[in-house]
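**Student:** First the structure, then my questions, so here it is.
The values are calculated or read from the model by the stated rules, or taken from the named source; none is laboratory data. Treat the numbers as computed from the prediction; the structure is a model and nothing was measured. Backbone-built Cβ (ideal geometry, glycine too); neighbour counts: all protein chains shown.
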Amino acid sequence: MRAIAAPFAVAAPGGARIRDRLRVTPGEAEVLRLIGDHLGRLQRTDLALRVGVGRVKAGENRRAERKKKLTAGSSSRWAGAMTRASENQYQLSLRCLYDERASLGRAARAIEIRLAVPCGERKGKARGYAYQGERWAKQRRLAMLRTRLARVDARIESGRPGIVVGGRRLARVRHSLADAGLTEAQWRQRWEAARLFLTADGESGAPYGNYTISVDPSEGGVAIVLPEPLRHLANAPRGRYRLTCAVGFPHRREEWLDRVTANRAVRYDVVHDPARDRWYLDASWATETALLPTPEELRALGGRLLGVDLNADHLAAYVLDPQGNPIGAPLTIPLDLTGPASQRDGRLRAAISRLLRTAREHGCAGIAIENLGFGDARAIGRETMGRGRRGKTFRRTVAGIPTAKFRERLRSMAFHAGLVVLAVDPAYTSVWGERYWKTPLQQQNQKNQQTTVTRHHGASVAIARRALGHRVRRRPGVTAHDRRIVTRRATGQAAPTPRACGTASPPRTASTPLPGGKTRPRRSDQLALFPTSKTVREVTGPSPARLATVRPTPANNAKNGSS
C-alpha cells in the first residue's frame, strides 16, 4: 500500500472574467471583422518571429524589436498586447511539449516493464502479456512511442513548438467536413473567427482602466482605438470607433464598477461566435491573493465538512461532523454531460450550485474532493486500466469524467460562497468506502426505503474523513444512534479532554477506544473518583484493576504508613 499524501486547501482563483453581449449592427460587425483580421495577421507574424527566436531567457526574446515593427501597422498599445499574447502562447506550447514528453515516457516504461516478463508469467508485480500476438503488437506500439518521443525531444531542444493559430483540432476538421456535419463555408466562418485578434490589455491610470478598448460605466458605451491603416473608419475623436450598443455586465457588476471608476486595469476581449452569429465583450482582471485556512486550521474550528465523490454520471456526497460521523441521508446529484458544450457547462454549474446549497444548509465549513487528474491513467491506458471490452469501457468512463473542469468551477464558485475546498489523496477511497461504510450507512438509512447507499457514498465519507485527519476505517457502532447518547464519537479520532481532579470520567461506550485493543466495556474499566485528603475510601479486596484506579496521594501514603 502506497503512502497517503496529506490533504491541502485548493488555492482561490487569481482573477475574474465576466461577459456581456454586444448587439452590434451589420456595419459595426464588419468593422470589428476588419480590425480583428488586420491585427490577427500582425499577431501571427509576430508569433512566427517569436518561435524563430527559440528557447531563450525572458530578456533575450527581442520583444522590444518586434513591438517596434508592429507599432507601425497598429499602435503602441495594440503592439504590446500582441507581443504579450505571442510570448504567452509560446510558453504554453513549451509546457505542452514537456507534458507530452512525460506522458510518452510513462507509457513507454509501462510497456517495457511488461515486455521484460515472458508471456503468461509474472515477476513480482509485473505480469507478462497473455499471448505472443499481443506481445508483438505491444512491441510495435513501443516503437511508435519511441519515435514520437524522439520527435518531441527534438522540438524541445530546438525550442520550436508546433503552434496552430485557430486550433489544431479545427484545422483537422477541414479534411473531414462530412463527418463533422459542416459545409466549407461554415468551417471557414469558424476558422476566421478563431483567428481574430481583438484583445486589449488593461492599464492602471488610464481612463476606466483601459485606453485601447474603453467602456463608460455610466452609459455602457464601447469605444475602440482603430489601427493606423483603418483610421479612416473612425466615427469618434482621436481615431476611435464607437459602437451604438451598450454593455452593463450584470454578473459581478459591482466589482467591475469598483475597478473602472478607480481607473484600475481591466482587460477586454471581443469574441465572435459564428454558430450564433453573436459578438461578446469579455472583461477580466487580476484579484488579490486570498489567504485560505489550512486543513489543520479548519479542523480546529470544528466545522462540518461535505465529502464529494466525482463520477462520470453523478456526484455522490455526504455531510460529516467534526468527529467524522456521517449525518443525515446521502446525496446523489445527476450529472448529464451529453450534448453541446454550452449545455454541458451549464449542467456542471447547476450540480455545483446544488452542492453549495447543501453545504450551506448543513453549516459546512468546506467541501472535500479527490485530487484527481487521471494524467497517468490516460497516458498509460490499457497497460494499467484493463484490457478487453470491460477495460475499454472503464477507460472511456475515466476519459469522460470532467475532472479539470469540475475542479476549476468548484474552487471558483465555492470561494465566492465562502467555502474552502480541500483536496485529498484519491488512493483506496472507493475500495475502503465500500468495504467499511456502505453497509453501515445502508443500515443507518434503512427507515427511508427510497434511499439507496452505493459505494460512491461510502467513498465520499472516506474522502471527508481523510480531509478531517481521521482514519478511513471504522469500528462497529459508529454510525448507530444510542437511546441516551444521540451521536456517538468517532472511533478514536476525537482528542481526549483532560478532566479536573475530583471528577469522574464518563462511562465508556462501544465506540471509545480502550487500551490493549479492547472494543467492549468491562466493569473494571470504570474509573473511580480521585481520592483526596477528606474523601479517602478503603479499597477492599485484592483486585488489581481497582487498585490501579486509585491514584496515590500524600494523605493516602501517610495513612498506609508508606513514605
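**Student:** Please name all residue pairs, on different chains or six or more residues apart, with Cβ atoms under 8 Å, provided the first residue is in the range 346-368 and is assigned by TED's automatic domain parsing to the domain that holds Leu306 and over 16 Å from Asp309 (Cα atoms) and the second residue is surrounded by 19 or more Cβ atoms within 10 Å (Cβ to Cβ) and at pLDDT below 90.
**Tutor:** Close Cβ pairs satisfying both conditions: Arg347/Leu335; Ala365/Leu298.
**Student:** Of all residues in the range 253-303, which are assigned to a loop (DSSP other than H, G, I, E, B), touching a strand residue (DSSP E or B) at 6+ places or on another chain (Cβ under 7 Å) and of a type outside the set (Gly, Ala, Ser)?
**Tutor:** Result: Val266, Thr287, Leu292, Pro293, Thr294.
**Student:** Now for a separate question. When residues of the range 123-146 are filtered for being in a helix (DSSP H, G or I) and of a type outside the set (Lys, Arg), how many remain?
**Tutor:** Adding up the residues that qualify gives 10.
**Student:** Would a scan of the range 273-281 turn up a residue that is at positive phi and surrounded by fewer than 16 Cβ atoms within 10 Å (Cβ to Cβ)?
**Tutor:** The answer is yes; a qualifying residue exists.
**Student:** Only one of Ala107, Ala178 is within 30 Å of Pro274 (Cα to Cα), of a type in the set (A, V, I, L, M), at pLDDT below 95 and in a helix (DSSP H, G or I); which?
**Tutor:** Ala178
**Student:** Do we find a residue being at pLDDT 90 or above, of a type in the set (Lys, Arg), touching an Asp or Glu at 6+ places or on another chain (Cβ under 9 Å) and surrounded by fewer than 20 Cβ atoms within 10 Å (Cβ to Cβ) anywhere in the range 303-320?
**Tutor:** Checked the range 303-320: at least one residue is at pLDDT 90 or above, of a type in the set (Lys, Arg), touching an Asp or Glu at 6+ places or on another chain (Cβ under 9 Å) and surrounded by fewer than 20 Cβ atoms within 10 Å (Cβ to Cβ).
**Student:** If Gly162 satisfies all but one of (1) assigned to a loop (DSSP other than H, G, I, E, B); (2) without any contact (Cβ under 8 Å) to a residue 60 or more places away in the chain, what's the number of the condition it fails?
**Tutor:** All conditions are met except number (2).
**Student:** Return the residues of the range 315-356 that are part of a loop (DSSP other than H, G, I, E, B) and closer than 21 Å to Ala462 by Cβ; say none if nothing qualifies.
**Tutor:** Asp321, Pro322, Gln323, Gly324, Asn325, Leu335
**Student:** For Leu149, work out the one condition from (1) under 30 Å from Arg190 (Cα atoms); (2) in contact with a helix residue (DSSP H, G or I) (Cβ under 6 Å, 6 or more places away or on another chain); (3) assigned to a helix (DSSP H, G or I) it doesn't fulfil.
**Tutor:** For Leu149, the failing item is (1).
**Student:** Write out, first by first residue and then by second, each pair whose Cβ atoms fall under 6 Å of each other, whose residues are 6+ apart or on separate chains, and whose first residue, in the range 195-223, is at pLDDT 95 or above while the second is of a type in the set (Val, Ile, Thr) and surrounded by fewer than 21 Cβ atoms within 10 Å (Cβ to Cβ).
**Tutor:** Filtered contacts from the range 195-223: Arg195/Val165.
**Student:** Okay, moving on. What is the one condition in (1) outside the structural domain of Ser86 (by TED's automatic domain parsing); (2) touching a Leu at 6+ places or on another chain (Cβ under 6 Å); (3) of a type outside the set (D, E, K, R) that Gly36 does not satisfy?
**Tutor:** With (1) outside the structural domain of Ser86 (by TED's automatic domain parsing); (2) touching a Leu at 6+ places or on another chain (Cβ under 6 Å); (3) of a type outside the set (D, E, K, R) applied to Gly36, the lone miss is (1).
**Student:** Taking Thr83 and the conditions (1) touching a Phe, Trp or Tyr at 6+ places or on another chain (Cβ under 7 Å); (2) modelled with pLDDT of 95 or more, which numbered condition does it fall short on, given that it satisfies the others?
**Tutor:** If we test Thr83 against (1) touching a Phe, Trp or Tyr at 6+ places or on another chain (Cβ under 7 Å); (2) modelled with pLDDT of 95 or more, just (1) comes out false.
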